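Worksheet: the structure to be examined is printed underneath.
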Amino acid sequence: MIGKAFAPSHITGFFYAHDDPDPLKMGSCGCGFTLEAGVHTASWPSNATEVYVDGMPSEASTTRTVIELLTDKPVHVESDMDMPVGGGFGASGAGAFSTALAVNRALGLGKTYNELSYAAHVAEVKNRTGLGDVAGMTLGGLVIRLVPGAPFTLDRIPVEAKDIYCVHFGPISTKSVLSDPREKALINEAGKKCLKELLRQPTFEQFMRLSRKFSVDTGLISPKALDTVEAVEAFDGMASMAMLGDTVFSTIPEGLSGNVIKSRISLCGARPIGANNE
Ligand SMILES: Nc1ncnc2c1ncn2[C@@H]1O[C@H](COP(=O)(O)OP(=O)(O)O)[C@@H](O)[C@H]1O
Ligand SMILES: CC(C)(COP(=O)(O)O)[C@@H](O)C(=O)O
């Protein structure tokens, strides 16, 4: 049987990391949103486990780990990505989560949504490709992560499906940023403050302001990305950096140049899809 699934992109605006010897409990708190652009995955039983990303055989470590966590049977997996990898869109998490949902159906594993999302989360943590993206992708919308790791403890800022415009300048390795103790200390200090402030005033505009502040206070934003944020602001838009990628997300297209990716905030999470792609 062919199993198909979709996981949305997840852009984190700000976060802080929690280390834990138990990968289920390791994770991050913070706030981010899902986009309609995401990862479509199809899977079916095979003679050997093979992972293809955008039509090419791929290492896709996080996806391979989630398969190993779920089954010892070989499967064929094909993921098609709407967004760049390493750009702060949570591509590795969306790849792993959509794979978990697709493999569950392809092999008739009979796992629940929590079991599948926790497996994808553990795969992210083990590969050090993400901490909180899978949690955000379970719910969709503008998601607040209140407790790190599983069980996911989430809230949501009510927002409509706003258009979001992104410009991607290049990848940032989540693994290398999170392995730098100095950088991690800056992230954790700024991230905790931002979450407190957001809970005092939980609005989309406050999320955008705090995300921008976080990107500057942590020193994570590149000069090019900051110039772009300022250009958007000159047109009265709001913009910040997608954690963790050299990517700017914006409420308006004005001020952005180059290859602008247009999507919308999606209000639902990752899900299996049927034959007619619904
Ligand atoms: N299914 C997958 N598709 C693409 N890349 C993957 C996948 N699984 C793991 N990876 C790895 O994850 C890395 C990107 O992770 P990360 O830096 O967190 O970027 P992102 O912001 O896109 O999640 C890639 O360099 C690749 O090695
Ligand atoms: C910011 C990040 C640690 C990494 O995100 P990405 O690079 O998109 O995988 C995310 O998982 C989070 O915890 O908020």
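The values are calculated or read from the model by the stated rules, or taken from the named source; none is laboratory data. Because the structure is predicted, anything quoted here is derived from the model rather than measured. Methodologically, a virtual Cβ is constructed for each residue, glycine included, from the backbone with ideal geometry; neighbour enumeration extends over all protein chains shown. Just the protein is used for accessible areas: all its heavy atoms, side chains included, with ligands, DNA and RNA removed. Shrake-Rupley method; radii C 1.70, N 1.55, O 1.52, S 1.80 Å.
Worth pointing out:
- Within region 190-212, the set of residues being in a helix (DSSP H, G or I) and without any contact (Cβ under 8 Å) to a residue 12 or more places away in the chain comprises Lys193, Lys196, Arg200, Gln206.
- Looking across region 54-98, the residues that are part of a loop (DSSP other than H, G, I, E, B) and within 17 Å of the chain's Cα centre (by Cα) come down to Ala60, Asp82, Met83, Pro84, Val85, Gly86, Gly87, Gly88, Phe89, Gly90.
- Count - residues of region 94-151 that are within 10 Å of ligand 2 (Cβ to nearest atom), open to solvent by 10 Å² or more (accessible area, probe 1.4 Å) and among the acidic types (Asp, Glu): 1
- Residue that is nearest to Val125 (Cα to Cα) [pool: residues in region 178-218 that are among the small types (Gly, Ala, Ser) and within 21 Å of the chain's Cα centre (by Cα)]: Ser179
- Within region 69-90, tally of residues that are more than 6 Å from ligand 1 (Cβ to nearest atom) and open to solvent by 10 Å² or more (accessible area, probe 1.4 Å): 13
- For Ile172, the conditions (1) modelled with pLDDT of 95 or more; (2) in contact with a strand residue (DSSP E or B) (Cβ under 7 Å, 6 or more places away or on another chain); (3) surrounded by 15 or more Cβ atoms within 10 Å (Cβ to Cβ); (4) not in a helix (DSSP H, G or I) all hold with the exception of (1).
- Candidate set from region 117-166 (those that are within 16 Å of ligand 1 (Cβ to nearest atom) and part of a loop (DSSP other than H, G, I, E, B)); member that is farthest from Asp19 (Cα to Cα): Thr129
- Whether a residue is outside any loop (DSSP other than H, G, I, E, B), under 30 Å from Ile187 (Cα atoms) and within 14 Å of ligand 1 (Cβ to nearest atom) was assessed, and Ala42 does not pass this test.
- If you go through region 219-233 and pick out every residue that is assigned to a loop (DSSP other than H, G, I, E, B) and open to solvent by less than 30 Å² (accessible area, probe 1.4 Å), you end up with 3.
- Just so you know, in region 12-54 the residues that are touching a residue at least 60 places away in the same chain (Cβ under 8 Å) and hydroxyl-bearing (Ser, Thr, Tyr) include one that is farthest from ligand 2 (Cβ to nearest atom), and it is Ser43.
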